[in-house]
Amino acid sequence: MASGGGEAIDIAIKAARFARQRARSSRVIKAYHGTPGSRCAPANPRFSQLSSATVPTNSRRCRSNDLNAMEDALRKRDVAAVLMETIPATYGFPMPKEGYLKGVKRLCEKYDALYIADEVQTGLMRTGEMWGVYKYGVIPTCW
C-alpha cells in the first residue's frame, strides 16, 4: 500500500482520522515516523529541520514511558490515534518500561483511539518476533 515507512504511517494516520472522525494524533517526543507530508513530520526537531517539516498543531506529543502524559493527551477524547515506535531507533533505542506499551494500548481502548505500531525499525524479526510489539504482548489496532 505504500512505497516506504513514512508513507505507510501517513496513510495509517489518515485512515485513523477518517475512522474516528477526529483530527488529532498523539506521538512520543523525539520519535521519528518519516517525513512525507506535514501529517507525519517527525517529533524530533533534528529530523524536521532537515526536511523543513513541522509537527502539526493537531498532534499531541508525550514523554516516552510516561503513561500519565499519554492519558493527559487522550483524556479529551479528540485523538484519533496514538502513533508508537515500539523501540524508538533514532532516539537512541530507549526500551519501553515494563507494562508501558500495554498501558498505552489500554489507554487507547479507554479513550477510543487507535494504536498505530510504527514497526519500520522493529518489524520483520529484528527483535526476534515478527513484530516488535508482540514481545510486549500488544496487538495494535493498525500497523
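Summary table below
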| quantity | calculated |
| --- | --- |
| Candidate set from the range 67-94 (those that are part of a loop (DSSP other than H, G, I, E, B) and within 20 Å of Thr122 (Cβ to Cβ)); member that is modelled with the highest pLDDT | Thr86 |
| Gly128 of a type in the set (Gly, Ala, Ser) and in a loop (DSSP other than H, G, I, E, B) | yes |
| Scope the range 95-110; condition crowded, with 19+ Cβ neighbours inside 10 Å and not in a helix (DSSP H, G or I); matching residues | Pro96 |
| The listed residue being under 14 Å from Glu85 (Cβ atoms) and either modelled with pLDDT of 75 or more or in contact with a Gly (Cβ under 8 Å, 6 or more places away or on another chain) (or both), out of Ala8, Ala15 | Ala8 |
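The values are calculated or read from the model by the stated rules, or taken from the named source; none is laboratory data. Since this is a predicted model, take the numbers as computed values, not measurements. Virtual Cβ from ideal backbone geometry, glycine too; neighbours counted across all protein chains shown.
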